[in-house]
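Trainee: I have a structure I would like to understand better, so I am pasting it below and will then ask my questions one at a time.
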Amino acid sequence: MNNIDIIAHLSDMKDIDYRNTLAIASIIEVLIEKGIIKRNDIAIKARQLEVMSIEEIQALKKSSLCKVTSVSDKFL
């Protein structure tokens, strides 16, 4: 890759990051407006995740997926 390719790639990544951030912020605002969550819930969860290691986050995701699967199995 030459410098121009790297700069173009970084620009694309920056645009993707902006769009992802906008999408997440929009989802959070809609959930707050509908009264599904509170802004404080987001702040608390962000602090919890910030102090967790990657391994702990992955384990949390796996355990959450297992719960969803077991609940959906009950309806089949």
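The values are calculated or read from the model by the stated rules, or taken from the named source; none is laboratory data. Since the structure is predicted, the reported quantities are computational estimates derived from the model, not experimental observations. Using ideal geometry, Cβ is built from the backbone for each residue, glycine included, and neighbour counts are taken over all protein chains shown. When the accessible area is computed, the model is the full protein with side chains, heavy atoms only, and any ligands, DNA or RNA have been set aside. Shrake-Rupley method; radii C 1.70, N 1.55, O 1.52, S 1.80 Å.
Trainee: Limited to segment 1-40, what total is found for residues that are open to solvent by 70 Å² or more (accessible area, probe 1.4 Å) and in contact with a helix residue (DSSP H, G or I) (Cβ under 9 Å, 6 or more places away or on another chain)?
Mentor: 4
Trainee: Return the pairs, sorted by first residue and then second, in which the second residue is exposed (fewer than 10 other Cβ atoms within 10 Å of the Cβ), the first residue lies in segment 1-29 and is more than 29 Å from Asp41 (Cβ to Cβ), the beta carbons are less than 9 Å apart, and the residues are 6+ apart or on different chains.
Mentor: Going by the 9 Å Cβ cut-off, the qualifying pairs are His9/Met1.
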